[in-house]
Amino acid sequence: MPVLMTLAPAIRHTLQGHPENAGRFSRMGRLEELPFYSQLTWLPVTPATPAEVSRTHAPAMLESLREASQAGPVEIDPAPTYLVPGSWEAALDAAGAALTLTRAIRHTPSPLTETPPRPGGESPATRGFALIRPPGHHAGRARPMGFCLLNNLAIAVNEALSQGLSRAAIIDFDGHHGNGTEELFWKDERVGYFSSHQEGAYPGSGSIEEAPHARQRIIHCPLPPRAGDQALSRMAGDLLHPWLERFQPEMLFISAGFDGHWADPLLSLGFTSQGFFELARELIAMADRWCQGRILFILEGGYSPPILAECVAATLAALASLDQPAWPGQPSPYPEPDIRSRLARVNAYHRLSPPSSLDAANGPAKAG
């Protein structure tokens, strides 16, 4: 299966010593070593225009970002989020890369519903990955925050909605809660939002009961420290499947943050690249079932350069329909807590469905 790709490395948007700097992409050149690299189709990026991003962000915020970037370096929030000369252009490139893939995927006939290509022809590409920085999911309508300048994924979703998409589902597995994305679609019934994240981590939001007005549409699954690959698998079966069955989206947008890896320096979750690979395969299968195969991964966090490259490669292997990642990673050295009771709480709060039989043979759930 061909995979559409865009790249926006934001080389000029960098600050020495900050975890979100150009060094994050220093190992991405290794992707060219992947045995399936020929399946990746790289599309040229056109920077987003102010008109395109103003569907999502307040014009005053955009003007403030542009002016502060020109005058930088400057820290604009306590995270800290920074701006330097070139940051404004980098933000528009990242948003443009997300828009490029959204348009390409939206306008590609689905191989699941259209006439199959003739023998020797290439299958349509309904899968994509925007390999971009700076990240976006903390940025709200009127302010950047948390290393994020523009909300790349929200800009992409709003573009798709403006072009006729009826329902979009956002799945955010970054280790931090995407409070900006949640804010931007707080009242939009066309958009569902699911976030799994480390409980109590920055920015401190994302509790199970946080959005009572939007039960079954905005869903939070806060995870305890060291929650790992078993948590990802159970979350997919017990929450994501019944949620998407109910919500019936037309396209999946994935906030793909890899700071939940056990070796990431900013958090203390326990995921591995194998776990991210398995989750990506589950998400792709969900897109095939409910969205005619249309799915777009947009990079968010991940602050260990070698681990980030490893996790991106694992996700690309899933998008390319491989049976396993090309670069097997190391297992987590930490014991994983049992989160079945927590998943049951989330499921019950949103009245999704009876939990799956995934763990029926494993005995009663423990506190989590």
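Condition first: surrounded by 24 or more Cβ atoms within 10 Å (Cβ to Cβ) and either free of Cβ contacts under 8 Å to residues at least 24 places away in the same chain or under 22 Å from residue 281 (Cα atoms) (or both). Can you find one or more residues in the range 200-210 that meet it? Within the range 200-210 (the criterion being surrounded by 24 or more Cβ atoms within 10 Å (Cβ to Cβ) and either free of Cβ contacts under 8 Å to residues at least 24 places away in the same chain or under 22 Å from residue 281 (Cα atoms) (or both)), the answer is no, since none of the residues qualifies. Every condition in (1) farther than 22 Å from residue 101 by Cβ; (2) buried (at least 17 other Cβ atoms within 10 Å of the Cβ) holds for residue 16 except the one numbered (2).
It is to be established whether one or more residues within the range 128-138 are more than 30 Å from residue 26 (Cβ to Cβ) and not in a strand (DSSP E or B). Scanning the range 128-138 turns up no residue that is more than 30 Å from residue 26 (Cβ to Cβ) and not in a strand (DSSP E or B). Residue 49 falls short of the stated requirement of being under 18 Å from residue 154 (Cβ atoms) and touching a residue at least 60 places away in the same chain (Cβ under 8 Å). Within the range 315-335, one or more residues are surrounded by fewer than 24 Cβ atoms within 10 Å (Cβ to Cβ), aromatic (Phe, Trp, Tyr) and at pLDDT below 95. Residues of the range 340-354 include at least one that is at pLDDT 95 or above, of a type in the set (Lys, Arg) and surrounded by 18 or more Cβ atoms within 10 Å (Cβ to Cβ). Criterion applied to 5, 1 was being under 21 Å from the mean Cα position of the chain (by Cα), modelled with pLDDT under 95 and not in a helix (DSSP H, G or I), and the one residue passing it is 1.
Matching residues to (1) modelled with pLDDT under 95; (2) aliphatic (A, V, I, L, M); (3) touching an Asp or Glu at 6+ places or on another chain (Cβ under 8 Å):
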site: 100; (1), (2), (3): no, no, no
site: 107; (1), (2), (3): yes, no, no
site: 117; (1), (2), (3): yes, no, no
site: 121; (1), (2), (3): yes, no, no
site: 145; (1), (2), (3): no, yes, yes
site: 162; (1), (2), (3): no, no, no
site: 179; (1), (2), (3): no, no, no
site: 184; (1), (2), (3): no, yes, no
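Tell me yes or no: at least one residue of the range 267-283 is closer than 22 Å to residue 139 by Cα and either surrounded by 22 or more Cβ atoms within 10 Å (Cβ to Cβ) or in contact with a strand residue (DSSP E or B) (Cβ under 6 Å, 6 or more places away or on another chain) (or both). Checking the range 267-283: at least one residue is closer than 22 Å to residue 139 by Cα and either surrounded by 22 or more Cβ atoms within 10 Å (Cβ to Cβ) or in contact with a strand residue (DSSP E or B) (Cβ under 6 Å, 6 or more places away or on another chain) (or both).
On the stretch given as the range 59-82, residues that are closer than 14 Å to residue 21 by Cβ and buried (at least 19 other Cβ atoms within 10 Å of the Cβ) total 2.
Looking only at residues of the range 11-43 that are of a type in the set (Lys, Arg) and part of a loop (DSSP other than H, G, I, E, B), we find that the one that is farthest from residue 70 (Cα to Cα) is 27.
The values are calculated or read from the model by the stated rules, or taken from the named source; none is laboratory data. All values reported here derive from a predicted model rather than from experimental measurement. Glycine gets a Cβ as well: all are built from the backbone with ideal geometry, and neighbour counts include every protein chain shown.
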